[in-house]
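The values are calculated or read from the model by the stated rules, or taken from the named source; none is laboratory data. Computed from a predicted model, the values in this text were never measured in an experiment. Note: ideal-geometry Cβ built from the backbone for every residue, glycine included; neighbour counts use all protein chains shown.
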Amino acid sequence: MAQAIDVKGKLRVGPSPHVRSKRTSAWVMDQVMIALVPPTIAATFFFGWWVLVMVAIGITTAVASEYLYQKLTYKPIKIHDHSAAVTGMLIALSLPVTAPIWMIVFGAVFAIVIVKQFNGGIGRNYFNPAVAARVVIKVLFTPWLANWVLPGGLFGSGYRGVEAIASATPLEFIGNGAQVVPEQVPGIFDLFMGFNIGGNIGETSKFAILIGMLYLIFRRVINPKIPILYIFTTFLVMTLWSSFDFNFELTHILTGTLFFGATYMATDYSSGALTPEGKTVFAIGCGLLTAFFRITLDHPGGVGYSILIMNALAPYIDSKLMPRIYGHKARPQTKFDRQSENV
């Protein structure tokens, strides 16, 4: 039994741990959900009350999927850590307001059961569940995601509270090798605030996402260098690509999923790099890949693919950048080192 000193200075005997912290998994996930409130409010303002229904469906499906899987496989029920709720919320906010209910349900079930639980549950998944579900949905169900609508306001008429005006996302005009911003793309202020922009509901207002990012940084939930380096790297590549066209660079970082993914997805503890230097490489790698996909592919986005690729590389990055333990000449060996020795 370990010994500890109580507040009165007397020696008492008790089991560890003696140092306790409120930073439990549930606390961290609660902070992420709080940080997702500003984008949710902005989405509701722009696209109407149906946004709240989508978020409710995403959370309910994700939590129910985790509960049922753990119940049927006789595993401890861990829905109280709130990680499933965060995943469901992210999936709902990653879809357009025209997305059918079955698509939200499919994404939540796929993320929780296939990506998360099949790999052992929270803390053991190699890929971010919400990102993986988002990419699979985009690959399999693109026709259902092509019907973007312009914001109609909280009390707008038309489809589910929004004006049913078909629209392309701004990223479709500046991707696939473009080096200038066409007239069809909204201005910088509109892109930042989220005015007159078609796209996924949670990614519309960069102003709202920035509030969430600052909250997570202030609460020390995320490492600030991950979103900052991710966004800045993309900005730098686009600066070189556009021959220093400032409007083009700003337009790129304010369109698509970049801000949303850099804030809420690339910062995931389980699927990202763990070492200090590894986090730097991870963030820069995400930025480089995002810029590469946007320049070369005739396909909007690239954030999801970039994060998944870096998720896959994260263990290898950590194995090469593991810090040396003080007093030792060599850094600790990892499974990658042992595997390479056996080859």
Handout entry: Residues located in the range 215-245, provided they are in a helix (DSSP H, G or I) and under 20 Å from residue 87 (Cα atoms)
Key = 215, 216, 217, 226, 227
Problem - Filtered residue count, the range 86-103, keeping only those that are closer than 22 Å to residue 259 by Cβ and part of a helix (DSSP H, G or I) - result: 8
Handout entry: Restricting the range 304-313 to residues that are crowded, with 18+ Cβ neighbours inside 10 Å and without any contact (Cβ under 8 Å) to a residue 60 or more places away in the chain, the residue that is nearest to residue 134 (Cα to Cα)
Key = 306
Exercise for the section: Tell me, yes or no, whether the range 50-60 has at least one residue that is surrounded by fewer than 20 Cβ atoms within 10 Å (Cβ to Cβ), farther than 30 Å from residue 199 by Cβ and of a type in the set (A, V, I, L, M, F, W, C). Expected result: no
Fill in the blank from the handout: How many residues of the range 193-222 are crowded, with 17+ Cβ neighbours inside 10 Å, farther than 28 Å from residue 23 by Cα, at pLDDT 80 or above and of a type outside the set (S, T, N, Q)? The answer is 5
Handout entry: Among the candidates 267, 275, residue that is more than 19 Å from residue 203 (Cα to Cα), out of contact with any His (no Cβ under 8 Å at 6 or more places or on another chain) and in contact (Cβ under 8 Å) with a residue 40 or more places away in the chain
Key = 275
Handout entry: Those residues of the range 32-77 which are touching a helix residue (DSSP H, G or I) at 6+ places or on another chain (Cβ under 9 Å), in a helix (DSSP H, G or I) and not hydrophobic (A, V, I, L, M, F, W, C), in sequence order
Key = 38, 39, 40, 44, 58, 60, 61, 65, 66, 67, 69, 70
Handout entry: Qualifying residue in the range 63-76 (condition: buried (at least 23 other Cβ atoms within 10 Å of the Cβ) and either at negative phi or touching a residue at least 60 places away in the same chain (Cβ under 8 Å) (or both))
Key = yes
Fill in the blank from the handout: The condition of being among the aliphatic types (A, V, I, L, M), over 22 Å from residue 123 (Cβ atoms), at pLDDT below 95 and buried (at least 22 other Cβ atoms within 10 Å of the Cβ) holds, among 273, 291, only for 291
Fill in the blank from the handout: For residue 80, the lone unmet condition from (1) surrounded by 16 or more Cβ atoms within 10 Å (Cβ to Cβ); (2) in a helix (DSSP H, G or I) is (1)
